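One structure is given here, and the rest of the page talks about it.
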């Protein structure tokens, strides 16, 4: 067998099967995983253009950040220690009204993608204005993304009204059709910020185009009370009534859930994205991940935007998810390390409908691979590599990253993004936005 | 004024005062902070042997890990996803009975200290067998520590019975008397593992020697039930009855507290150490930090040992403390960034009774200082340096560390610890212990 690259590591963690493969190699050919096999056999059987030996490293599938707002990296730390509605109404929405233009989205997405690649994320599910810009920046960086075709009731520089949002969204979808890296999803902001008519149109269009629908749902108790007051029903009932509770649903947050709502979601085949750090930081409540997973619901993991987290670090998010699930369930066995890693990889791919393409180290899938160095003092000794990955490893231990077989991080250096220029642009935005907000 | 070293940074965060000083410098002389002043004035007024300019960096007091078991770094990840008592009885205590000898303690402490210095920790409060060994390793590394004069009812290679533990403890205290870096504290393990007689003797000795008493208290609900069954009272009542509820108390965990117990602690002047990641991981419960601080109790922050965390990362611990407090209090304004940093610095020094010496960037105090690089993409842009430190910065952004004015981390390289040898020893222990436990 021929391969472009053969990567040998002490541990290969495929995620789609329970075992950890010691002293194995991954063969990459034409952007895909061609084989996963013992290193000894690989050296004998595979005629590789290049070989890379990584002692002390683990190879894992690239992490999938299943919910973020990448351009908001430029608002990182702008307003902290505030509840969701104060934070949104008094800080974030005014800042967005003033700043969220194309140039901002381009620079913010690039900063976010630099951070995500450095932290082992190879795919992100985004929701923001100017998704075409984010898609182009991601494609140029060799990054996989699902860009959200955003819809919201209030006007923005992206679109003036419901029709405008959908029209521009469809145009973005058309623009990236067939792109090997850039996927699309409808992204109505939330039940409280999008009315019934556009939600219904999105439900119809999502079925026609076979696209996921990415939406914030049941983030806070206040959202539920508001919906009961305004519509007489809880938000999930409204989504069901407009036809959005089905397998295409990617419902983000879900901190407030009653038993019959969990059953409804389980029966529908809908997906949930858990954002533990954002939910804690905004005191939004706890997503009952163990109960959801026990009900058979696919639960993915997301960082949310950098303005409410304040980083896009999926290693830290995995750790928080695994720790918090134990605290919330009052059970130290809840969400063990392997479940946290699966949530951050294969479950994310499933949520986005791209698990045939990525999310595990499976021959035939795209070579979206992360090499992490467990030889650092912070993760020594290694009894169980999964424990080290989830409970002790840091983003800085990510040493190499490949997406579609292209190496986008090499010895911690970004190969597709000009980091100096990205940081210089961030400093310029700091001056502009800081002036305004102080 | 003369100084050995003048460090200039974009931000100096003293912690003992609310302001953040922009473009300031710290003058270090003879191991102490001689002055904190604007960089311009410093260049004019101070005749410094050496100057170091750190654009994009923040200077903060060295972090104080107020509760750990440093040698347990060698058990990192040995047994995870298990409840406290199963973890202790079936895994940790048997492993300790087999392995916790002098050589293990020396190698484990060194690995832990390497990790802590790399993560910006300049002082740790330890509880383990062979505290003399940990103290010697810390002193050699130039690390500040409070080593615990451990007491526990069961025999170990360190001591055979209550008298033995106290005798050896006093000898360790004598050995380090007057040491500028190594402090001591009594460290009875927990109310459930130490009987009344040794607890009473420790109360008496602690008063005579003016030493803190470092003890796990009210870690789990099971501990309370067990005490009610065995002694007819809750553990805190037992500690009060033996005379241990006073300002010298360093009570660790405290996840189960009734209102009158909070009042008792507040009135006594006792100290609490919060270990949020360990409490989550072992599903022990939540320490009500906001209520404790509102009651006027000094609350410090600790990682616990690496076997139950699984790292000794005080940046990650600060982030978890700040996030979890919001979740537990259902208030996004709870434990803001500045309070989290104070908890990890000055409050730790206060708990150990060494706040005259360290814990803030105050002229006259020991030069225990950390320089952290906020110029990385993960913490850009910087609107509020405190937000970036607590919610976004990672341990890897710590670039330089000084303890008593001695630079122990320089451009991320340890200057006092042979890292290669430390890691080689960790790998040897991995082979020994892994054989046994598999």
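Just for the protein assembly as shown, what percent of DSSP beta bridges are antiparallel, to the closest 5?
Bridges in the protein assembly as shown are about 45 percent antiparallel.
For A:331, A:81, which order do you get if you count the other beta carbons within 10 Å of each Cβ and list the fewest first?
A:331, A:81
From the square roots a ≥ b ≥ c of the eigenvalues of the alpha-carbon gyration tensor of the range B:258-308, which class results: rounded (a/c under 1.5), prolate (a/b over b/c), or oblate?
prolate
How are the C-alpha pair distances of the protein assembly as shown spread across 20 Å bins, as whole percents from the shortest bin up?
So the P(r) values, bin by bin, are 16, 48, 31, 5, 0.
What residue among A:330, A:393, A:371 shows peak mean-square fluctuation when chain A is described by a Gaussian network model with Cα springs under 10 Å?
A:330
Taking chain B as a Gaussian network, Cα atoms linked when under 10 Å apart, which of B:195, B:284, B:308 shows the biggest mean-square fluctuation?
Its mean-square fluctuation being the largest, the pick is B:195.
R0 = 60 Å: FRET efficiency of residue A:428 with residue A:222, Cβ-based, nearest 0.05?
0.95
For the pair residue A:233 and residue A:331, what calculated FRET efficiency results from E = 1/(1 + (r/R0)^6), where r is the Cβ-Cβ distance and R0 = 45 Å, to the nearest 0.05?
0.85
Could you give, in nm with one decimal, how far residue A:180 is from each other copy of that position, shortest first, with labels 7 Å out from Cα toward Cβ?
6.2
If you build a Gaussian network model of chain A, linking Cα atoms that sit under 10 Å apart, which residue out of A:89, A:57, A:218 swings the most?
A:89
Just check the range B:54-174 against the gyration tensor rule for me: Cα atoms, a ≥ b ≥ c as the square roots of the eigenvalues, rounded for a/c under 1.5, and otherwise prolate or oblate depending on whether a/b exceeds b/c.
oblate
More than 20 Å apart: what percent of Cα pairs in the range B:286-349 qualify?
Value for the range B:286-349 (Cα pairs over 20 Å): 21 percent.
More than 24 angstrom separation, counting every C-alpha pair in the range B:296-424; what % is that?
35
Rounding to the nearest 10 and keeping the result within 0 to 90°, find how far the Cα-based axis of helix A:102-118 lies from the longest principal axis of chain A.
Approximately 40 degrees, to the nearest ten.
Using a ≥ b ≥ c from the Cα gyration tensor of the range A:63-352 (square roots of the eigenvalues), is it rounded, prolate or oblate, where a/c under 1.5 gives rounded and otherwise the larger of a/b and b/c decides, a/b for prolate?
Since a/c stays below 1.5, the shape of the range A:63-352 is classed as rounded.
How much length is gained on full extension from residue B:258 to residue B:241, taking 0.36 nm per residue of separation minus their Cα-Cα distance?
4.4 nm
List the relative contact order of the range A:144-212 as a percent without decimals, with contacts defined as Cα pairs under 8 Å and 6+ residues apart.
It comes to 39 percent, rounded to a whole number.
Counting helices only, and only those DSSP H runs with n ≥ 4, report the 222 nm mean residue ellipticity of chain A as the sum of -39,500 (n - 2.57) divided by its residues, in deg cm²/dmol to the nearest 500.
Computed mean residue ellipticity for chain A: -11000 deg cm²/dmol.
Going by alpha carbons, how many degrees (0 to 90, nearest 10) lie between the helix axis of A:221-231 and the longest principal axis of chain A?
Roughly 40 degrees between the two axes.
Alpha carbon centre of the range A:99-126 versus the range B:276-339: separation in Å?
Between the Cα centre of the range A:99-126 and that of the range B:276-339, the gap is 30 Å.
Label-point separation (nm) for residue B:196 and residue A:204, each offset 7 Å from Cα along Cα-to-Cβ?
Modelled inter-label distance: 7.9 nm.
Put a dot 7 Å past each Cα toward the Cβ at residue A:167 and residue A:22; how far apart are the dots in nm?
6.3
Which of A:121, B:320, B:415 comes first, and how do the rest follow, when ranked by fewest Cβ neighbours within 10 Å?
B:415, B:320, A:121
Calculate the length of the line joining the C-alpha centroid of the range B:378-405 to that of the range B:162-237, in whole Å.
The two parts, judged by their Cα centres, are 35 Å apart.
Give me the number: length gained by fully extending residue A:1 to residue A:421, i.e. 0.36 nm times residue separation minus the C-alpha to C-alpha distance, one decimal in nm.
That pair, residue A:1 and residue A:421, stretches by 147.1 nm at full extension.
May I ask what percent, to the nearest 5, of DSSP beta bridges between residues of chain B are antiparallel?
45
Just to confirm the numbers: residue B:20, label point 7 angstrom along the Cα-Cβ line, distances to the other copies in nm, shortest first?
3.9
Between the helical axis of A:259-268 and the dominant principal axis of chain A, each derived from Cα atoms, what acute angle in degrees is found, rounded to the nearest 10?
It is inclined by approximately 60 degrees.
How high is the relative contact order of the range B:288-376, in percent, with contacts defined as C-alpha pairs under 8 Å that are six or more residues apart?
24
Determine the relative contact order of chain A: mean sequence separation of Cα pairs under 8 Å and six or more apart, normalised by residue count, in whole percent.
So the answer I get is 20 percent.
Every number in this text was worked out from the coordinates using simple rules, so none of it is lab data. From a predicted model like this one, the values you see are computed outputs, not experimental measurements. Positions of Cβ are generated from backbone atoms using ideal geometry, with glycine treated the same way; all protein chains shown enter the neighbour counts.
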